[in-house]
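Structure, as structure tokens:
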Amino acid sequence: MTTALALLAVAAAAFLLFHFVVKWLQGRFLFTTGSEYMLLGVLVGPAALDLIDAETVRQLSPLMSLAIGWVGLLYGASLSPRRLLSEESRGAVMLSIFGSIGTFGVVFGATWLGLGLPWVPQVETAERMLAALALGCAAMATSPAVLELVKSRFSAEGDTTRTLTQAVRVDEFVAIAAFGALFCWFRDPSPNPWRDTPITHPEWYGVSILLGILLGGLFRFFLRSEEDADRQFLSLVGIIVFASGAAHYLELSPLLVNLVLGFVMLFNARDASSKALLDVLEKSRGPMYIVLLIFAGATWQAEPVLLLLFAVLYAFVRGGARLASGWFSALAAGSSIRRDVGRGMLGQGEVAVAMALNLAIVYPHEPLMGVVMTCILASVLVNEVWSARLLKGLLIDAGDIRAEIPGDSAGDLGPADITPAEGS
């Protein structure tokens with residue numbers, strides 16, 4: 001008991017020290033990360049002090065699925081087809097789709113080659129393909145949190161800001177939709193009760209969407225008349241636990257199932273009850289991101305130095321792919337979009353972290369999953385260190401930020417302080 005308390009005290013002291021160091025750095029430089037929360041997870045997890053062993057982490061997988069599902073539900077609930085299909089959003093949608101495809105292609109190709117290097121664990125072709133595809137899907141994710149930080153700090157407003165607000169939301173949708181397909185494709189054949197042949201991969205994807213539609217319609221009916229915020233929160237917890245549990249049982253992605261569920265449940269949220277539910281979801285975003293970061297740190301496994309370098313290289317490849325694909329996609333989308341718009345789409349955030357955690361839960365014994373998780377988490381941290389400053393420079397060049405605010409500093413910019421973007 002004494003040893004456990006001592007280790008816990010060391011972990012708490014290290015967390016507080018790192019937390020205040022990060023706050024000081026954030027006060028001097030414009031960036032936002034949750035690195036201290038991830039460090040706390042690493043300290044208490046099997047990779048460091050082992051206060052929470054691997055078996056305990058495995059037993060906490062339902063809570064992890066709740067946090068993962070919450071991210072999917074949040075993004076699904078904030079999608080607005082009316083805005084996405086409007087004429088003014090066409091450029092942003094094209095920017096997002098072309099940029100996502102370009103980023104995915106570059107990152108997938110680079111990681112497929114990199115995972116074949118001698119110092120990376122050698123596995124069968126299917127496992128290597130799964131790892132490369134997962135890294136490509138995570139590379140497509142673009143968090144709106146950095147954009148909201150810069151908008152709120154510098155009162156950014158203009159065409160480029162509006163385009164990015166729409167584009168990063170579509171990026172999340174495309175990334176989650178592609179990521180959900182991995183769980184449908186890389187699975188053992190399942191018997192079909194209605195015919196002799198097994199259920200096909202596209203049919204499993206249809207099951208993911210249908211499950212989200214059915215649960216979304218069901219809970220929309222039951223929550224339509226509920227107006228108490230506390231009851232709404234508890235209801236949402238129950239909804240996400242049920243949907244994530246069903247997805248886990250069927251070996252599907254809770255991100256995709258909850259994305260569809262949230263979209264259906266709050267489709268064109270205009271009545272007071274739906275708007276109140278959306279408000280509850282938005283307020284919970286920061287705390288849930290912290291939970292994700294802590295769990296991600298606790299689940300992370302220590303990797304050799306060469307694999308850590310591989311993770312850093314992945315972050316830089318992803319950043320370069322974002323910049324290049326932003327240039328080409330802006331060229332295809334039209335002259336109204338800046339060619340250097342990729343500078344505003346480097347942050348990754350909670351969706352990428354949720355993907356890493358989801359993979360760790362479903363494929364805990366795959367040799368390359370530790371490498372994949374390390375790459376994704378390193379990319380989230382590295383890109384968010386510079387993404388806010390690059391975005392600020394882009395919006396200054398575009399004329400969306402007209403003047404510096406005297407004495408402005410980044411302040412205390414933890415995940416809980418980030419204001420979510422409006423639905424696209």
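Scan the range 32-85 for residues that are among the small types (Gly, Ala, Ser) and over 27 Å from Val280 (Cα atoms) and jot them down.
Hits for the range 32-85 are Gly45, Ala47, Ala48, Ala54.
Residues being surrounded by fewer than 22 Cβ atoms within 10 Å (Cβ to Cβ), β-branched (Val, Ile, Thr) and at pLDDT 85 or above: count how many of those fall in the range 378-407.
Here the count works out to 2.
It is to be established whether one or more residues within the range 121-131 are of a type in the set (Gly, Ala, Ser), crowded, with 17+ Cβ neighbours inside 10 Å and within 19 Å of the chain's Cα centre (by Cα).
Yes, the conditions are met somewhere in the range 121-131.
Are there any pairs with C-beta distances below 7 angstrom linking a residue in the range 329-350 that is over 11 Å from Ser96 (Cβ atoms) and free of Cβ contacts under 8 Å to residues at least 24 places away in the same chain to a residue that is surrounded by fewer than 24 Cβ atoms within 10 Å (Cβ to Cβ) and among the charged types (D, E, K, R), with the two at least 6 apart or on different chains, and if so which?
Leu331/Arg339
Give the range 94-110 a look and list any residue that's crowded, with 22+ Cβ neighbours inside 10 Å and either of a type in the set (A, V, I, L, M, F, W, C) or assigned to a loop (DSSP other than H, G, I, E, B) (or both), or say none.
If the condition is that a residue be crowded, with 22+ Cβ neighbours inside 10 Å and either of a type in the set (A, V, I, L, M, F, W, C) or assigned to a loop (DSSP other than H, G, I, E, B) (or both), then Leu95, Phe104, Val107 are the ones that fit.
Return only the number of the condition from (1) of a type in the set (A, V, I, L, M, F, W, C); (2) within 20 Å of Phe310 (Cβ to Cβ); (3) modelled with pLDDT of 90 or more that Leu117 does not satisfy.
Checking Leu117 against (1) of a type in the set (A, V, I, L, M, F, W, C); (2) within 20 Å of Phe310 (Cβ to Cβ); (3) modelled with pLDDT of 90 or more, the one that fails is (3).
Kindly list, by first and then second residue, each pair from a residue in the range 122-147 that is part of a loop (DSSP other than H, G, I, E, B) to a residue that is of a type in the set (Lys, Arg) and surrounded by fewer than 24 Cβ atoms within 10 Å (Cβ to Cβ), limited to pairs with Cβ atoms under 9 Å and residues at least 6 apart or on different chains.
As it stands, the answer is Gln122/Arg128, since those pairs meet every condition given.
Restricting attention to the range 73-103, report how many residues are closer than 16 Å to Cys137 by Cα and touching a Pro at 6+ places or on another chain (Cβ under 8 Å).
Within the range 73-103, residues that are closer than 16 Å to Cys137 by Cα and touching a Pro at 6+ places or on another chain (Cβ under 8 Å) number 0.
Select from the range 51-93 the residues that are in a loop (DSSP other than H, G, I, E, B) and of a type in the set (S, T, N, Q) and write down the one among them that is nearest to Glu350 (Cα to Cα).
Once the filter is applied, the top-ranked residue is Ser78.
What residue, of Ala416, Ala410, is in a helix (DSSP H, G or I), over 17 Å from Thr163 (Cα atoms) and modelled with pLDDT under 55?
Ala416
Select, from Thr125, Thr103, the only residue that is out of contact with any strand residue (DSSP E or B) (no Cβ under 7 Å at 6 or more places or on another chain), modelled with pLDDT of 80 or more, within 21 Å of Leu147 (Cα to Cα) and of a type in the set (Val, Ile, Thr).
Thr103 is the lone residue from the list that is out of contact with any strand residue (DSSP E or B) (no Cβ under 7 Å at 6 or more places or on another chain), modelled with pLDDT of 80 or more, within 21 Å of Leu147 (Cα to Cα) and of a type in the set (Val, Ile, Thr).
Check every one of the helices (runs of 4 or more DSSP H) wholly within the range 229-308 and list those with 1 or more residues that are among the hydroxyl-bearing types (Ser, Thr, Tyr) and touching a residue at least 12 places away in the same chain (Cβ under 8 Å).
229-249, 272-283, 285-299
Could you check, for the range 174-187, whether at least one of its residues is closer than 20 Å to Ala360 by Cβ, surrounded by fewer than 24 Cβ atoms within 10 Å (Cβ to Cβ), of a type outside the set (Gly, Ala, Ser) and free of Cβ contacts under 8 Å to residues at least 60 places away in the same chain?
yes
Looking only at residues that are surrounded by fewer than 24 Cβ atoms within 10 Å (Cβ to Cβ) and of a type outside the set (Gly, Ala, Ser) in the range 132-159, which one is farthest from Ala388 (Cα to Cα)?
Leu133
The values are calculated or read from the model by the stated rules, or taken from the named source; none is laboratory data. Treat the numbers as computed from the prediction; the structure is a model and nothing was measured. Every residue, glycine among them, receives a Cβ derived from its backbone with ideal geometry; neighbour counts consider all protein chains shown.
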